[in-house]
Amino acid sequence: MQLFKKLLNILGQAERSRARVDNPFLVPLEFESLKRELNIVEQARRHGEQGYPPVEATRLTAIEEQIRTTLESERHKVLAWAEARIALVQTRLTALDIVGTVKRCGEFDQAFERAAQDLLNNYAVRLQRLEYRAREREAELCALRAQNHAGYGKQQKRRNEALGVYQDEIADVRNELMALKHEFLEQLESDVLACNEQLVRYQSVLDEKRNLKPRLASGLNKAEMVMAGLVQCYRAENQLHRNGRRVPAYFSDSIVLQSLALPDSNTAEDEVNLALQQQALTQLIEQLEPIRGRIQSSFFQKYNQLMPLSWLPEYPPAMENRIAAEPV
C-alpha cells in the first residue's frame, strides 16, 4: 500500500510538472511543498550542527544554489509561458481584424454587378442561338401562312417548341440571377453580423493581452518571494542549530537573480486598430441600405435584359404568364 501511494505521488508530481510547463499559473508555487521537496529543514539542521558553512564562507551552499536554480527555472517557465501567450494572443488579434471584411462588404454591390454580368455572359451564346432558332421557326411559319400551305400546323408546332425551349432558358437564367441576388444579400447580412461578433471577441482578446503584463510580473515576483523565503528558512534553521557558532557574513545578503528580457505586451497599436475597426463597422452599417438598394437596382437591370419573345403572334398565354411574372 505504501509503495502504491508513493507511485501515485510520483505520478501526481509529474503531472503537475507538465501542467506548469504549459501554464505555470495553473499549478501555483507552494512554499511548503518546495520546502519538503528540497528537504530544506533537515539539511539546514544537519549543516548547522556541523558548523557548515564555515564563518569565512563566501559562496552559496549546494542547497542554497539548488533553491536559486529551482526558482530561476520557475521564473523562466513563467517567462516562456508569457512569450508564447503573447504570440498566440497577437495571432488571434490579427485573425479577428475585420477591416478587410468590412471593405469587402462595402463593395458587395460592385461584386454583385460583376457576378451578374458573368452569369449573363455565360448564357449569352446559348440564348442567342435559341432566340435565332425561334425567330427562324417564326419566319418559316409566317411564310407558310402567307402561302396558305398545308403544313402550317406542323410548322406551328415546331415554332412553339423552339419558342418554349428559349422561354424556359430565359426563365432558368432569371431564376439563377434571382438566386444570386439572394445569395449576395444573405452573405452581406451574415458578414456584418460576423464582423460585430469578431469585434466583441477582439475586445475580449485585447483585454487578455492587457492582463498579461501584470500576470507576468506577479508570477516572477512570486518566484522571487518563494526563493527568498526558502533561503531565509534554510539560514534561520541553520543558525538555530550551530550551537553558538557564527554564521557566514553572506547570510545577511540576498541572492541576486538573473535579469530577464521581458516580452513586449504593449497594446497601444491594438487599441488604435480597435478604434479603426469600430469606426469602419459603424460606417458600413450606415451604408447597408444604399448597398442593398444598388444590388436590387443592378438585379432589375440584368433581369429586364432577359426579355421573353412576347411579340410573337402565336405566343402561348400560359407560358407568357409564367415568364412575364414580376421579379421578387
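The values are calculated or read from the model by the stated rules, or taken from the named source; none is laboratory data. For clarity, every value in this text was computed on a predicted model and none was experimentally measured. Reconstructed Cβ throughout: ideal geometry from the backbone, glycine too, with neighbour counts over all protein chains shown.
A few notes on this one:
- Residues that are among the charged types (D, E, K, R) and touching a residue at least 40 places away in the same chain (Cβ under 8 Å) within segment 214-268 comprise R215, K222, E224, R235, E237, R242, R245, R246, D264, listed in sequence order.
- Among the residues making up segment 178-209, a single one is under 30 Å from L260 (Cα atoms), loosely packed, with under 13 Cβ neighbours inside 10 Å and charged (D, E, K, R): D207.
- Top-ranked residue in segment 26-82 [being in a helix (DSSP H, G or I) and aromatic (F, W, Y); ranked as nearest to the chain's Cα centre (by Cα)]: W81
- When A111, A146, A95, A116 are checked against the criterion of being in a helix (DSSP H, G or I) and buried (at least 17 other Cβ atoms within 10 Å of the Cβ), A116 stands alone in meeting it.
- Subset of segment 222-243 (residues that are polar (S, T, N, Q) and surrounded by 13 or more Cβ atoms within 10 Å (Cβ to Cβ)): N238, Q239
- When A143 is tested against the conditions (1) aliphatic (A, V, I, L, M); (2) modelled with pLDDT under 95; (3) closer than 30 Å to S204 by Cβ, the lone failure is (3).
- Within segment 263-279, considering residues that are modelled with pLDDT of 95 or more and in contact with a Lys or Arg (Cβ under 8 Å, 6 or more places away or on another chain), the one surrounded by the most Cβ atoms within 10 Å (Cβ to Cβ): D270
- Of residues in segment 222-262 being hydrophobic (A, V, I, L, M, F, W, C), assigned to a loop (DSSP other than H, G, I, E, B) and out of contact with any helix residue (DSSP H, G or I) (no Cβ under 8 Å at 6 or more places or on another chain), the one modelled with the lowest pLDDT: V256
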